[in-house]
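As structure tokens, the structure follows; a few thoughts come after it.
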Amino acid sequence: MEQIETTRTAGLRLNRLYKSFGGLAVLKDINLDIESGEFVVFVGPSGCGKSTLLRLIAGLEEVTARDVFIGSKDVTERDPSERGIAMVFQTYALYPHMSVAENMGFGLKAAKRSKQEVERKVRAAAEVLQLSQYLDRRPSQLSGGQRQRVAIGRAIVRDPEVFLFDEPLSNLDAELRVEMRIEIARLHRELGNTMIYVTHDQTEAMTLADKIVVLRNGEIEQVGPPALLYDDPDNTFVAGFIGSPK
Ligand code: ADP
Ligand code: MG
């Protein structure tokens, strides 16, 4: 089947999600609606369940109970490859012996897409990410920021409805983090996809998010636009993450 070339995007509904590992409840009754095209940022202390929640949306982790909807489809039982999502991780291992173009196209090639389609999609993603002149280089010949762009390119070529980012910038130095944050904001404006983004960085949360979700101990503590959480946090815990104490 031919892929649609225009961007696909979909909203998400998390309906009473629970997740436990053995006896340990890690996510408890997560209910959340995310609109198509929205940029949603999850923040919360280490161990509160942020990565587990993303992995669960991606299908890399099975839910203990209830549903994950992407658009109108219940994807709870679907394979990661059938969910219309792509995930970008903090550690984004690139294949050192492959060129930038090969790294970006690898997943599509493995999925038996035609050579022409792979090349077309890689070129388009490279254009968006300002990597066109680096397509023949090896990862070792790129800067850290460019490497992270290649990792994002791998996600873009898959044409996902929803992008998931798990602390994608936390391995970069401060200057690069700022540069890549601006880059990700631009990508969101250009692509218009739904993006779900986990970070420890308050500036990233405040500047990128349409909506911030504060997680605490596997539960949603508060949800709202950055300005609302900043000006009117429900409690000192939220204030501690987002800004001004109450
Ligand atoms: P965060 O990303 O917010 O730091 P995680 O989602 O990685 O938190 O982890 C939440 C909790 O779930 C932690 O207590 C962690 O130890 C536990 N956990 C995560 N993955 C597993 C696993 N595969 N098996 C057992 N416990 C896990
Ligand atoms: Mg994590």
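The values are calculated or read from the model by the stated rules, or taken from the named source; none is laboratory data. It should be emphasised that the depicted structure is a prediction, and the values quoted were computed from it without experimental measurement. Cβ: placed from backbone, ideal geometry, glycine included. Neighbour counts: every protein chain shown.
Return the residue satisfying two criteria in turn: it lies in segment 54-77 and is within 16 Å of ligand 2 (Cβ to nearest atom) and surrounded by 21 or more Cβ atoms within 10 Å (Cβ to Cβ), and of such residues it is farthest from the chain's Cα centre (by Cα).
Here the answer is 56.
Can you give me the number of residues within segment 189-231 that are touching a Leu at 6+ places or on another chain (Cβ under 7 Å), more than 16 Å from ligand 2 (Cβ to nearest atom) and at positive phi?
0
Confirm whether residue 165 is among the aromatic types (Phe, Trp, Tyr) and part of a helix (DSSP H, G or I).
no
Exactly one condition in (1) within 16 Å of ligand 2 (Cβ to nearest atom); (2) among the small types (Gly, Ala, Ser); (3) part of a loop (DSSP other than H, G, I, E, B) is false for residue 51; which is it?
The number of the failed condition is (3).
Test residue 39 against the criterion of being of a type in the set (Phe, Trp, Tyr), touching a residue at least 12 places away in the same chain (Cβ under 8 Å) and touching a Phe, Trp or Tyr at 6+ places or on another chain (Cβ under 9 Å), and give yes or no.
The answer is yes for residue 39.
I need the full set of residues from segment 48-84 which are polar (S, T, N, Q) and either within 16 Å of ligand 1 (Cβ to nearest atom) or in contact with a Leu (Cβ under 8 Å, 6 or more places away or on another chain) (or both), in order please.
Matches in segment 48-84: 51, 52, 64.
Take the conditions surrounded by 13 or more Cβ atoms within 10 Å (Cβ to Cβ), over 30 Å from residue 201 (Cα atoms) and aliphatic (A, V, I, L, M) and apply them to residue 17. Does it pass?
In short, no.
Within segment 135-184, work out how many residues are of a type in the set (Gly, Ala, Ser) and touching a residue at least 40 places away in the same chain (Cβ under 8 Å).
Summing the residues that are of a type in the set (Gly, Ala, Ser) and touching a residue at least 40 places away in the same chain (Cβ under 8 Å) in segment 135-184 gives 5.
Which residues, taken from segment 169-182, are more than 16 Å from ligand 2 (Cβ to nearest atom) and touching a helix residue (DSSP H, G or I) at 6+ places or on another chain (Cβ under 7 Å)?
Within segment 169-182, 172, 176, 179, 180, 181 meet the criteria.
Under the condition of being among the aliphatic types (A, V, I, L, M) and surrounded by fewer than 22 Cβ atoms within 10 Å (Cβ to Cβ), which residue from segment 20-29 is farthest from ligand 1 (Cβ to nearest atom)?
In this case the residue turns out to be 25.
Looking at 136, 166, which one is among the charged types (D, E, K, R), at negative phi, modelled with pLDDT of 95 or more and within 16 Å of ligand 2 (Cβ to nearest atom)?
Answer to the check: 166.
For segment 179-246, give me every one of the helices (runs of 4 or more DSSP H) that falls completely inside it and has 1 or more residues that are among the charged types (D, E, K, R).
202-208, 226-231
Residue by residue, here is whether (1) surrounded by fewer than 20 Cβ atoms within 10 Å (Cβ to Cβ); (2) closer than 26 Å to residue 189 by Cα holds:
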position	(1), (2)
100	no, yes
103	no, yes
116	yes, no
123	yes, yes
130	yes, yes
137	yes, no
140	yes, no
144	yes, yes
148	no, yes
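Filtering segment 30-44 down to residues that are touching a Lys or Arg at 6+ places or on another chain (Cβ under 7 Å) and surrounded by 15 or more Cβ atoms within 10 Å (Cβ to Cβ), which residue is nearest to residue 187 (Cα to Cα)?
Result: 38.
Restricting the search to segment 85-111, which residues are part of a loop (DSSP other than H, G, I, E, B) and either within 16 Å of ligand 1 (Cβ to nearest atom) or among the aliphatic types (A, V, I, L, M) (or both)?
89, 90, 91, 93, 94, 98, 111
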